[in-house]
Amino acid sequence: MRLRVALVGCGAMGSALLRGWLTLSDSESRFKNIWVITPHRESAVHFLDDSRVEWFASPSSLPHSPDIIVFAVKPHLLEEILPLYKSFDSLIISVASGKPLSFYKKVLPLSHTIVRAMPNTPVEIHKGVIAFLANTTLTPDQMNMINICFKDMGFCLWVSSDNEIDKITAISGSGPAYVFYMIEAFAQGAESLGFHKEMALSLAVSTFWGSSVYAHDLKGSPAVLRKNVTSPQGTTAAALNVLETGNLHALMEAAMKAAYTRAKELRG
Ligand SMILES: NC(=O)c1ccc[n+]([C@@H]2O[C@H](COP(=O)([O-])OP(=O)(O)OC[C@H]3O[C@@H](n4cnc5c(N)ncnc54)[C@H](OP(=O)(O)O)[C@@H]3O)[C@@H](O)[C@H]2O)c1
């Protein structure tokens, strides 16, 4: 089956998904059309070289009913935008944070199957984390469509409540920003030891990259990997002592709880 996908919104998340879809090694066999519906053509212009991608200013101009409609717009716009898609008998996927399944049931006909997805931007390079929640048991056909869209885009998991989606939002949805922030801090540390900006950033990114791939591939405990590079009284121990005194663990816990609290506030 080759899918007809409508992607509503092509900002940070929409374009990460779209680039991810188009660069899958078997993309041609998965996607027949990807119709990008967004107010400004410029948001989609980088993708229009691919003949499967077309831009539309509104859903009323779509040539067919899509198999799947993926909403990647800001949550506060959904109330206004969703009714425009009422007449399509498509599987609805929304990546919006904060809006519970009950919200979609109020705005869309009851017959619609709605899937909340919580991806993160590394889906663009097929290294994302994507959590799913559905309002009903999916049919094998619908499950197949989700697989066509998201298999190989990263680590996929299903959760069973809006509350769990809020938690995933606070961990992996927002998580890339925490990691980028830590890379920035790491690079700043390297600069403070006298390296120029560009070299400091290369040292930071390469260290994060190598260590993340190492932890991922070995599937070992990060605590064990950390201990392997920490000799008693050595240089690493001196640095870790500073991080422990600053209580990095407590800080990360507080950061995630703040994001989770905010997600719950947005849910209302
Ligand atoms: N960014 C992330 O890392 C991330 C992670 C997980 C989930 N999400 C969720 O993804 C959604 C989008 O977030 P984002 O960061 O991608 O926001 P964004 O960068 O602001 O993108 C929003 C997009 O929506 C478009 N848009 C505005 N009005 C529209 C309309 N009437 N019809 C169709 N498209 C319209 C905008 O077009 P113009 O720019 O042309 O106005 C823009 O392309 C949010 O609900 C967010 O919660 C984001």
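Of a type in the set (A, V, I, L, M), touching a Lys or Arg at 6+ places or on another chain (Cβ under 7 Å) and within 19 Å of Val123 (Cα to Cα): which single residue out of Leu24, Leu108 fits that description?
Details: Leu108 fails: within 19 Å of Val123 (Cα to Cα).
Result of the check over Leu24, Leu108: Leu24.
Among the listed residues Leu7, Leu84, Leu24, Leu77, identify the single one that is surrounded by 21 or more Cβ atoms within 10 Å (Cβ to Cβ), aliphatic (A, V, I, L, M) and either in contact (Cβ under 8 Å) with a residue 24 or more places away in the chain or within 14 Å of the ligand (Cβ to nearest atom) (or both). Please lay out each step first, then the result.
Details: Leu84 fails: surrounded by 21 or more Cβ atoms within 10 Å (Cβ to Cβ); Leu24 fails: surrounded by 21 or more Cβ atoms within 10 Å (Cβ to Cβ); Leu77 fails: surrounded by 21 or more Cβ atoms within 10 Å (Cβ to Cβ).
On inspection, the qualifying residue turns out to be Leu7.
Regarding Tyr178, is this residue within 16 Å of the ligand (Cβ to nearest atom) and in a helix (DSSP H, G or I)?
On the way: within 16 Å of the ligand (Cβ to nearest atom): yes; in a helix (DSSP H, G or I): yes.
Yes, satisfied.
Looking for whichever is surrounded by 17 or more Cβ atoms within 10 Å (Cβ to Cβ) and modelled with pLDDT under 95 here; the options are Asn120, Asn135. Which one fits?
Numbers: Asn120 fails: modelled with pLDDT under 95.
Of Asn120, Asn135, the one residue that is surrounded by 17 or more Cβ atoms within 10 Å (Cβ to Cβ) and modelled with pLDDT under 95 is Asn135.
So that you can scan it fast, the table gives a plain yes or no per residue for (1) surrounded by 11 or more Cβ atoms within 10 Å (Cβ to Cβ); (2) under 22 Å from Lys167 (Cα atoms); (3) of a type in the set (S, T, N, Q):
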{"position": "Glu191", "(1), (2), (3)": "yes, no, no"}
{"position": "His196", "(1), (2), (3)": "no, no, no"}
{"position": "Thr207", "(1), (2), (3)": "yes, no, yes"}
{"position": "Gly210", "(1), (2), (3)": "no, no, no"}
{"position": "Leu218", "(1), (2), (3)": "yes, no, no"}
{"position": "Pro232", "(1), (2), (3)": "no, no, no"}
{"position": "Ala237", "(1), (2), (3)": "yes, no, no"}
{"position": "Leu240", "(1), (2), (3)": "yes, no, no"}
{"position": "His249", "(1), (2), (3)": "no, yes, no"}
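Would you mind telling me which numbered condition in (1) within 9 Å of the ligand (Cβ to nearest atom); (2) within 22 Å of Gly154 (Cβ to Cβ) Ala57 fails?
Going through (1) within 9 Å of the ligand (Cβ to nearest atom); (2) within 22 Å of Gly154 (Cβ to Cβ) one by one, Ala57 breaks only (2).
Return the residues of segment 77-123 that are of a type in the set (Gly, Ala, Ser) and over 18 Å from the mean Cα position of the chain (by Cα); say none if nothing qualifies.
Filtering segment 77-123 down to residues of a type in the set (Gly, Ala, Ser) leaves 87, 90, 94, 96-98, 102, 111, 117.
Passing the criteria: Ser87, Ser90, Ser102, Ser111.
Under the condition of being part of a loop (DSSP other than H, G, I, E, B) and surrounded by fewer than 17 Cβ atoms within 10 Å (Cβ to Cβ), which residue from segment 87-107 is nearest to the ligand (Cβ to nearest atom)? Don't jump to the end; show me each part of the working.
Here is the first cut: in segment 87-107, the ones part of a loop (DSSP other than H, G, I, E, B) are 87-90, 95-100.
Add one more test, that the residue is surrounded by fewer than 17 Cβ atoms within 10 Å (Cβ to Cβ), and what stays is 87, 89.
Details: Ser87: 16, Asp89: 20 Å.
The residue in question is Ser87.
Every residue in segment 156-175 that is outside any helix (DSSP H, G or I), within 14 Å of Val129 (Cα to Cα) and more than 12 Å from the ligand (Cβ to nearest atom), please. Walk me through how you get there before you give the answer.
Step one: list which residues in segment 156-175 are outside any helix (DSSP H, G or I), which gives 156-161, 174.
Then drop every residue that is not within 14 Å of Val129 (Cα to Cα), which leaves 156-159, 174.
Passing the criteria: Cys156, Leu157, Trp158, Val159.
So Asp50 passes all but one of these: (1) within 11 Å of the ligand (Cβ to nearest atom); (2) assigned to a loop (DSSP other than H, G, I, E, B). Which condition number does it fail?
(1)
The values are calculated or read from the model by the stated rules, or taken from the named source; none is laboratory data. Computed from a prediction, not measured in an experiment: that's the story for all the values here. No Cβ is skipped: glycine too gets one built from the backbone with ideal geometry, and neighbour counts run over all protein chains shown.
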